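The values are calculated or read from the model by the stated rules, or taken from the named source; none is laboratory data. Small disclaimer: the values here were computed from a predicted structure and weren't measured. Cβ atoms come from the backbone with ideal geometry, glycine included; neighbour counts cover every protein chain shown.
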Amino acid sequence: MLGQAIWWSGIAVEALLLVRGFRGQLLSRYPAFFSYILFVWLQSLLRFSVYHLRPQLYSSVYWITEWLAILVGCGVVFEVYRVGLAAYRGTARMARNLLAFAFVLPFTKAIVETWNDPHWWLIATTIDLERSLRMAQALAIVALVVLFLFYSIPFGRNLRGVLLGYGLFIGESIIWLTFRSSGGEKFRQFWSHVHPASYFVVLGIWAVHLWSYVPNPEPTRAVRLEEQYQRMAAATSRQLRAGCGYLAKVVRS
């Protein structure tokens with residue numbers, strides 16, 4: 001009974017977030033985040049309907065929607081970097097490339113493993129691949145937080161809320177996926193209550209921090225992040241040209 005109450009309360013808070021996003025002019029500023037909220041809201045309603053009307057299809061619907069949610073969640077991480085590094089275009093471009101590489105790696109591994117063993121996908125892929133993507137998302141969030149703290153770049157209220165809530169959600173998901181098969185029956189029963197409760201806390205964090213739009217504050221001191229990126233990019237370019245020149249000499253000889 002308590003689980004049902006938390007579930008329906010979560011759906012109500014998700015709907016409230018969507019309404020506030022529209023009325024608070026946040027949809028256009030955080031489109032990936034609110035697309036994620038909309039997807040999760042529809043996902044919850046679909047799962048509830050299938051569970052009660054077609055329970056034999058629930059497992060398939062659950063994993064399909066879970067994977068789609070992970071992919072949409074990757075878009076949230078990209079958006080956090082876009083908003084957080086909006087004033088540092090070169091750094092933001094490099095960060096997006098690194099993020100894309102980090103997210104593509106688990107899928108590449110899954111494709112290779114499935115090619116070698118077609119049954120591998122059916123046996124263990126879902127949990128392993130989901131954990132890998134969650135880990136990549138967690139490392140990306142930690143890296144951005146460290147970068148902001150190191151350069152004393154302030155977090156705006158909205159961005160801080162998205163980071164805090166999504167970071168808590170990712171951390172809880174990693175714990176669940178890591179110990180799901182080895183934690184025992186008592187752990188699974190315990191976490192079946194922790195998971196919906198922690199997600200409700202996440203929704204509360206988002207509702208408080210995203211009630212209205214608040215622009216990111218300007219740094220109180222000069223940030224040389226873009227300048228350092230330009231120097232690093234120039235040094236990399238020189239090394240690549242030198243390497244190409246050396247390779248050309250080797251080929252001619």
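Quick look at the values:
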quantity	calculated
Options ALA110, ALA95: the member that is at pLDDT 75 or above, crowded, with 17+ Cβ neighbours inside 10 Å and in contact with a helix residue (DSSP H, G or I) (Cβ under 7 Å, 6 or more places away or on another chain)	ALA95
ALA32 in a loop (DSSP other than H, G, I, E, B) and touching a residue at least 12 places away in the same chain (Cβ under 8 Å)	no
Considering residues of segment 145-185 that are surrounded by fewer than 18 Cβ atoms within 10 Å (Cβ to Cβ) and among the polar types (S, T, N, Q) only, the residue nearest to ALA69 (Cα to Cα)	THR178
Boolean, SER9 is surrounded by 15 or more Cβ atoms within 10 Å (Cβ to Cβ) and either part of a helix (DSSP H, G or I) or within 19 Å of the chain's Cα centre (by Cα) (or both)	no
Count - residues of segment 81-91 that are in a helix (DSSP H, G or I) and either surrounded by fewer than 16 Cβ atoms within 10 Å (Cβ to Cβ) or modelled with pLDDT of 90 or more (or both)	2
Verdict on ALA124 being in contact with a Phe, Trp or Tyr (Cβ under 7 Å, 6 or more places away or on another chain) and at pLDDT below 80	no
Search result, residues across segment 45-70 that are surrounded by 13 or more Cβ atoms within 10 Å (Cβ to Cβ) and small (Gly, Ala, Ser)	ALA69
Selected residue (only one of LEU26, LEU17, LEU42 is of a type outside the set (S, T, N, Q), in the same structural domain as TRP206 (by TED's automatic domain parsing), within 20 Å of the chain's Cα centre (by Cα) and exposed (fewer than 14 other Cβ atoms within 10 Å of the Cβ))	LEU42
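Every residue, every condition in (1) under 15 Å from the mean Cα position of the chain (by Cα); (2) modelled with pLDDT of 75 or more; (3) in a helix (DSSP H, G or I), yes or no:
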| position | (1), (2), (3) |
| --- | --- |
| ALA138 | yes, yes, yes |
| PRO154 | no, yes, no |
| GLY171 | yes, yes, yes |
| GLN228 | no, no, yes |
| ALA234 | no, no, yes |
| ARG238 | no, no, yes |
